[in-house]
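Asker: Got a structure for you, questions after.
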Amino acid sequence: MRVIICENYEEVSKEAAKLVAGLVNLKPDCILGLATGSTPVGMYNNLIELYKKGELDFSQVKSFNLDEYYPIAKSNENSYDYFMNDVLFEHINIKKENINIPNGEAKDADKECKEYEEKLNASGGVDLQILGIGVNGHIGFNEPDENLIAVTHKTGLTESTIEANARFFESKDQVPTMALTMGIASILKSKKIVLLANGKAKHNAVKALLNDEITTSNPATMLKVHNDVVLICDKEAYNG
Ligand code: PGA
């Protein structure tokens, strides 16, 4: 795993945007794997700025998002569908039909997950997957557990994730308790992975990424089997 240690969050966001922009310029019809949460927002802002300056064109780019709450209406401000439009998609020229996010409105969650995985496979695979990391080491909504699920699936959220995400909702009991998420193998199929982490709260999760152990109690450690992962973190996440 290549590690880029940055001074602060702004620098993390710039470095990550540079990698994404480099790929989009090299391969205009690339497939980006995108993530929600507060971490990638700075990177999205940088990408929007580059697009507005005429330095980036997303017209042929396709995207697959990692996850979505379940069940949730797309119009709900806390849905990841709404979030992605708000922080990125409506500010750039990506085509609506090229955007893929697990459908939190699907009646049959298992069918939706199966179809999402099939679409992901049929696309030829994500060229570059952006990941955040949970304080508990989750990636997507692959939460620490005895067994992890390889493919896109419906899952329950852990108490620590519900607590971490409660800041976006009026109260903790409004946080959905289920989600649809790409599995560990779906994520590992990406050709390149860029994991972003900032702040002291992520230090333990980052530390586990950098030792030699792989454990299902920290799903991000599974990334150690992939041969093209870049961790971009700030000093606080790196040093604690
Ligand atoms: P955050 O979430 O970026 O809001 O810290 C990351 C994650 O839970 O994957």
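Asker: Out of LYS202, LYS192, LYS27, any idea which swings most in a Gaussian network model of the chain, alpha carbons joined below 10 Å?
Answerer: Taking springs between Cα atoms under 10 Å, the residue moving most is LYS27.
Asker: Evaluate the charge dipole of the range 137-219 about its Cα centre and quote only its size in Debye, nearest 20, assuming +1 on the Cβ of each Lys and Arg and -1 on the Cβ of each Asp and Glu.
Answerer: Values: 9 positive and 9 negative charges, 100 e Å.
Magnitude of the dipole: close to 480 debye.
Asker: Compute a Gaussian network model of the chain, connecting alpha carbons closer than 10 Å, and tell me which residue from GLU112, GLU90, GLU146 fluctuates the most.
Answerer: GLU146
Asker: Could you work out the local net charge near ASN100, counting Lys and Arg as +1, Asp and Glu as -1, over the other residues with Cβ closer than 9 Å to its Cβ? Display every interim value, and only then the final one.
Answerer: Values: positive: LYS62, LYS119; negative: none.
Every neighbour counted, the sum reads +2.
Asker: So if I place +1 on the C-beta of Lys and Arg and -1 on the C-beta of Asp and Glu, and nothing else carries charge, what would the dipole magnitude of the range 1-58 be about its Cα centre? I want it in debye, nearest 20.
Answerer: Values: 6 positive and 8 negative charges, 24 e Å.
Dipole about the Cα centre, nearest 20: 120 debye.
Asker: Let me test this: with uniform point scatterers at the alpha carbons of the range 2-239, what is the Debye-based log₁₀ I(q)/I(0) at q = 0.11, 0.12, 0.15, 0.17 1/Å?
Answerer: Normalising to I(0) and taking log10 leaves -0.51, -0.62, -1.03, -1.37.
Asker: Given an 8 Å cut-off on Cα distances and at least 6 residues of separation, report the relative contact order of the chain as a percent.
Answerer: 26
Asker: Starting at the first residue of the range 174-187, write each ³J(HN,Hα) from the Karplus equation 6.51 cos²θ - 1.76 cosθ + 1.60 with θ = phi - 60°, in whole Hz, x for Gly and Pro.
Answerer: Once θ is set to phi - 60°, the couplings for the range 174-187 become 8, 5, x, 9, 10, 8, 9, 9, 4, x, 4, 5, 4, 5 Hz.
Asker: Per the helix-only calculation at 222 nm, which mean residue ellipticity applies to the chain, given -39500 (n - 2.57) for every DSSP H run of n ≥ 4 and division by its residues, nearest 500 deg cm²/dmol?
Answerer: Taking each H run of at least 4 residues, the total per residue is -9500 deg cm²/dmol.
Asker: Something else: Calculate the dipole size of the chain relative to its Cα centre from +1 charges on Lys and Arg beta carbons and -1 charges on Asp and Glu beta carbons; express the result in debye to the nearest 20.
Answerer: Here the size comes out at about 580 debye.
Asker: Indicate, rounded to the nearest 5 percent, the antiparallel portion of the DSSP beta bridges found entirely in the chain.
Answerer: On the way: 10 of 32 bridges.
DSSP beta bridges in the chain are roughly 30 percent antiparallel.
Readers should treat all values here as calculations from the given coordinates under stated rules, not as data from a laboratory. Because the structure is predicted, anything quoted here is derived from the model rather than measured. No Cβ is skipped: glycine too gets one built from the backbone with ideal geometry, and neighbour counts run over all protein chains shown.
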